[in-house]
There are 2 protein chains.
Amino acid sequence: MSKTYTVAVVGATGAVGETMLKVLAERQFPIGKLHVLASERSAGSKIDFGARQLVVENLATFDPTGVDIALFSAGGAVSKEYAPKFAAAGAVVIDNSSSFRGDADVPLVVSEVNPEAAKNRPRGIIANPNCSTMQLMVALAPIHRAVGIERINIATYQSVSGTGVKAMEELGRQTAALLNFQDAKPEVYPVQIAFNVIPHGGDFLDNGYTTEEWKLVTETRKILGDDSILVNATVVRVPVFYGHSEAVHIETREKLSVDKARELLAAQPGLVLVDERKAGGYPTPVTHASGNDPVYVGRLREDVSHPRGLDMWVVADNIRKGAATNAVQLAELVIAETA
Amino acid sequence: MSKTYTVAVVGATGAVGETMLKVLAERQFPIGKLHVLASERSAGSKIDFGARQLVVENLATFDPTGVDIALFSAGGAVSKEYAPKFAAAGAVVIDNSSSFRGDADVPLVVSEVNPEAAKNRPRGIIANPNCSTMQLMVALAPIHRAVGIERINIATYQSVSGTGVKAMEELGRQTAALLNFQDAKPEVYPVQIAFNVIPHGGDFLDNGYTTEEWKLVTETRKILGDDSILVNATVVRVPVFYGHSEAVHIETREKLSVDKARELLAAQPGLVLVDERKAGGYPTPVTHASGNDPVYVGRLREDVSHPRGLDMWVVADNIRKGAATNAVQLAELVIAETA
């Protein structure tokens, strides 16, 4: 009989938590016991998991003893309080919040990019990168390994599911209201998101960047293990439900041709090249990413403005590869250690 | 009695043509006779212009003799055939297509940026820049004049009205269909635009850029009169009705602080700074640009990845300042010569 694991999903009723459960089932993760946890408010509600029906348990009163792997996606404050408790009780915590990503003794891991880093987790916590960094790393890691990346200019087109279920409801509600000639009141976002774009993610820093932009700077360096990589980001929210897109303009240390870049990208696990120079010959959130795990790359071209510049367009489902799928992949890495 | 002019609007039933008429009325352009022209298909239909009702005339059979100023926005093929005929008959043609923008003997003019260039028009034609270049020039001209711009990385968020009335209908129709759980068939765009983003404008060039991206390279150089400016663009269509947005990352020849940039931009005619580092403290298509003439700039910050880098977010109504308003402003420049 093969080994099974006791798994806890914390934040099971959120957009990412729900998808974590879906991905655990799809990938047939060897689950023995499965605990679905949330705040007291959601406790007692029921969640389907394949043939089983699970009752949501109250995180605040839950005893983590016996949990092998805990997947956290319930916001930074919850992670900060409860992740160390689960780790102390012996669980390996895979945390989707930004709470521990910057800590030197917590690895930050994209499963196809730096899987070996997951093994060194003195605090029992592995951090799951931010969604926009996640997909960028899958696309850039093979290039960085081959020729080095000096600088990244990136502008993002981030879907509302990255903000959460309430933001998806807001986009739907505002869109329907506007089509019916009614007002679109902003609640989750500071201004209307329907038929609009908003150059703002997270909070504003003193240097004028937003926290979502800054994550691209710090997480890129940590994941690629190179603090000399320069990153300049503009993060923008767009009226798309699922799938983040990124216009990525990089400057490499050695010149990289499009042909060679195509070769490198084609060999990268978790990445699908969609790069025909014609109408529809590129990935988009709706046509490619939504509901799927790969990171899609297209619009590859040599940058006419820089001798070692290369441009690309990177799209992925922010809830799947950008969050839930990578978390489950990290759990797979953990159980593979003892298999 | 003040002088009046015979004006022709060619392509009067299109998205830009309609707005040209609106802007002519708003700005009380001194019109004597006004001809509204379109293809045979639209000829005979009626258009309101203030208190007057105008009958659309057939461009193919129209005699341009006596027209002082002709505003063209009926596509490149129509401009190519008819603009020279109007010019030969004595009209000054202000052309919104891309047909003549690259010609050395046709000035390419943003009214607040290089108005003096409009005077030198040996062929009687003045070209109106592409919408995405137009707003970029208003934001970058004062910086280029002060410290020189070496390189521009730009990613755009372009609204569907830039494609035309049918694209706006497509966005509305697809959105309604999806909210009613029906299919969203793409007709104008190669893939679904509702709740999606499409990294594609115009046609694909051999170097992998699209024609809409390439316009940003060539038109920027011509308008700013500096062929050494390097431009690297990714053009993306977003599900917004009116208003193009741009994430602009520039590298200047001399270092420019944010404070000094703010000063320069605040003094630029046609530009409004919306730059508070807080929620809503930036321009968006819906909250600022749509229906208004200025170019709005926000998200100013010094680029952490480059010693002379500066980032900004530029938004304008692509149909107004990006097309119709600038065309009417050029007409105002022309009549001011003889006033």
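Readers should treat all values here as calculations from the given coordinates under stated rules, not as data from a laboratory. The model shown is predicted, which means the values in this text are computed figures rather than measured ones. Cβ atoms come from the backbone with ideal geometry, glycine included; neighbour counts cover every protein chain shown.
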Cα gyration tensor of region B:226-274, axes a ≥ b ≥ c as square roots of the eigenvalues: rounded (a/c below 1.5), prolate (a/b > b/c) or oblate? oblate
Under the rule a/c < 1.5 gives rounded, and otherwise a/b versus b/c splits prolate from oblate, where does region B:92-152 land using the Cα gyration tensor? prolate
Cα pair distances exceeding 29 angstrom across chain B, given as percent: 39
For chain A, calculate the relative contact order in percent as a whole number, restricting contacts to Cα pairs under 8 Å that are 6 or more residues apart. 18
Cα-derived Rg over Rh, computed across region B:45-133 with Rh taken as Kirkwood radius: 1.00
Given a cut-off of under 8 Å on Cα pairs at least six residues apart, what relative contact order in percent is computed for region A:75-180? 21
Residue exposure sequence - B:Phe204, A:Phe72 - by fewest surrounding Cβ within 10 Å: B:Phe204, A:Phe72
Quick note on A:Tyr282, B:Tyr82, B:Tyr5, ordering by fewest other C-beta atoms within 10 Å, gives B:Tyr5, B:Tyr82, A:Tyr282
Excluding residues fewer than 8 positions from B:Lys260 in its own chain, the aspartates and glutamates with Cα under 14 Å of it are B:Asp275, B:Glu302, B:Asp311
Just to confirm the number: angle between the C-alpha axis of helix A:15-26 and the first principal axis of chain A, 0 to 90 degrees, nearest 10? 80
Any aspartates and glutamates with Cα under 20 Å of the B:Lys80 Cα? List them, leaving off those in the same chain fewer than 8 positions away. B:Glu40, B:Glu57, B:Asp63, B:Asp68, B:Asp95, B:Asp103, B:Asp105, B:Asp203, B:Glu212, B:Glu219
With -39,500 (n - 2.57) per DSSP H segment of 4 or more residues and division by the full residue count of chain B, the 222 nm estimate, nearest 500 deg cm²/dmol, is -9000 deg cm²/dmol
Tell me which lysines have Cα within less than 17 Å of B:Lys22's Cα, excluding those fewer than 8 residues away on the same chain? B:Lys33, B:Lys46, B:Lys321
Relative to chain B, whose Cα atoms define the longest principal axis, helix B:131-147 and its Cα axis are tilted in degrees, nearest 10, by 50
By how many degrees, 0 to 90 and rounded to 10, does the Cα axis of helix B:211-224 deviate from the longest principal axis of chain B? 90
Region B:188-327: relative contact order as a whole-number percent, Cα under 8 Å and 6+ apart: 22
Translational diffusion of region B:35-74, µm² s⁻¹ [Kirkwood Rh, Cα pairs; Stokes-Einstein; 4 °C; 1.567 mPa s]: 119
Looks like the protein assembly as shown, by Cα gyration tensor root eigenvalues a ≥ b ≥ c and the a/c under 1.5 rounded cutoff (else prolate when a/b is bigger than b/c, oblate otherwise), is prolate
Give me the number: length gained by fully extending A:Asp226 to A:Ser45, i.e. 0.36 nm times residue separation minus the C-alpha to C-alpha distance, one decimal in nm. 60.7 nm
Least to most buried among A:Arg253, A:Arg52, A:Arg151 (fewest other Cβ within 10 Å first): A:Arg52, A:Arg253, A:Arg151
Convex hull (Cα only) mean projected area of region B:78-200, reported in nm² to one decimal: 10.0
What translational D, rounded to a whole number of µm²/s, comes out for region B:175-317 from Stokes-Einstein when the hydrodynamic radius is the Kirkwood one over Cα pairs, at 25 °C and 0.890 mPa s? 141
Can you list residues from other chains, or at least 5 along the same chain, whose modelled amide H is less than 5 Å from the amide H of B:Ile319? B:Gly243
